[in-house]
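Just so it is clear, none of the values below were taken in a lab; they were calculated from the coordinates. Note that the coordinates shown come from a computational prediction; the quantities given were computed from them, not determined experimentally. Every residue, glycine among them, receives a Cβ derived from its backbone with ideal geometry; neighbour counts consider all protein chains shown.
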Amino acid sequence: MSAATRLPERAYNIATLRRMAARRLPRMVFDFVDGGAEDERTLQRNEQDFAALEFLPQPLNGTATRDQSIELFGTRLKLPVLIGPTGLAGLLWPRGEIEAARAAARAGTIYTMSHGSTVSIEDLANQVVGPKWFQVFLYKDRGLTQSFTERARAAGYQALVLTIDNQILGQRERDLANGFTIPPRFGLRTSANLLRRAGWLMAMSRAPRVTMANYVTDQRRDLLALAKHMPELLDPTLNWRDVDWLRSIWAGPLLLKGVLHPEEAALAVEHGIDGVIVSNHGGRQLESAISAIRALPAVAAAVAGRIPVLIDGGIRRGGDVVKALALGATACLIGRPHLWGLAVAGEAGVAHALEIFRADIDRVLALGGWDGLAAIDRQAVLLPGHWTGLHPHERQREAGSLRMFAKTDARLGSA
């Protein structure tokens, strides 16, 4: 029986996929995907803050049909879950980016290709039919950024995602502990762990050599050489003038990924940006950055419906997706959840992860009394009383909700 055949009965949620991925992957590869920066507080809060939100269902509304479709930049999607950019997916499964993109196309959603993919911009475009976005960085060498932009345009990618929270690399201490560094420092324990992952080793031995395909040149082809070169490319002087330059050379939808501050979101609109992605890089960059879901309400209020607001970070259940939409998101992106599925069963694993989200969302809509995503609004969830940093009208609305529950509690206490 194949791994893909066993998936439906064994992987009933994203957490189960994660456990299965941990058993199949070498520890250093799993931790590369799973880990965050420093003490991983931001990584943890991304998930914990979703759990702190509570639904306010109205089941007597009735929900015979529950529409999950959305429209984004003229493309109709079957569900509000997109695949976000994740580098080196081909370390988990041979040509992993193509496997994931095919699953996204089958599910009727968007795949976002990472600049650091193990297949090239052109290769993925030729292999996969379906809407695709491409992620770029603004490098010290603006010519490299322009080259990527032109290649993405020529290959038919519909939107460009500029990641802005990577001025330098965050300190990912699981990688340091595992010796997953440049150059690698593998001890006996790491080597033994690799040998115990026979299925992964056999699959990767038959795969093309893993490298950052978009960066390969005659001088640099090897993954280690390219990875060593990457930090030299990053530009900590990135500013709005650079964003304006990128806007001037890309006519299609342009999104900023890594927006957490409401003022930066408002400025994005002024600078002609078509969408923002509320994100802290999955907790992999600035430690103790605000969680994505906690930043979302203020960002959405600052944008005020003028452009779409998307979010990634900590999304593990369909209920998390519905909560994000209630707080102003148009759609959500997932990173680790699809990678865990990819590690377990390639395309079938990613398809299964997306199906988990689809089924979860449908169940939440039914139990909450919402007949589709259009029925989800700010009244669907209650924010914790300790959340701060909201816009004034959000604080007023939340205070009103809390007063309503406090009066109810008081009446029950005196009864």
So for R0 = 35 Å, FRET eff. of GLN44-ALA64 from the Cβ-Cβ r, to 0.05, ends up at 0.35
Ratio for the range 125-217, C-alpha Rg to 2.2 N^0.38 Å, reads 1.44
Taking every DSSP bridge whose two residues both lie in the chain, the antiparallel percent to the nearest 5 is 20 percent
Result: in the chain the number of Lys pairs with C-alpha under 22 Å apart, spaced 8 or more or on different chains, is 6
Simple spin-label estimate for GLU173/ALA366, 7 Å along Cα→Cβ, in nm, reads 4.4 nm
Residues whose modelled amide H sits under 5 Å from the amide H of TYR139, counting only those 5 or more places away in sequence or on another chain, are THR145
For the range 3-375 the mean separation of alpha carbon contacts under 8 Å (6+ apart) over residue count, i.e. relative contact order in percent, is 29 percent
Residue separation between ARG206 and TYR12 times 0.36 nm, minus their alpha-carbon distance, gives in nm 66.9 nm
Between THR75 and ARG241, the two model label points (7 Å from Cα along the beta-carbon direction) sit apart by a distance in nm of 3.3 nm
Semi-axes in Å, largest first, for the chain (Cα gyration tensor, √(5λ)) are 35, 26, 21
Distance in Å, no decimals, from the C-alpha centre of the range 281-334 to the one of the range 192-262 is 23 Å
GNM on the chain, Cα springs under 10 Å; top mean-square fluctuation among LEU160, LEU91, LEU176 goes to LEU176
Candidates LEU373, LEU310, LEU339; GNM for the chain (alpha-carbon contacts under 10 Å) flags as most fluctuating LEU373
When ARG41, ARG76 are ranked with the fewest other C-beta atoms within 10 Å first, the list becomes ARG76, ARG41
Taking the chain and counting helices only, DSSP H stretches of n ≥ 4 at -39,500 (n - 2.57) each over all residues, the nearest-500 ellipticity at 222 nm comes to -15000 deg cm²/dmol
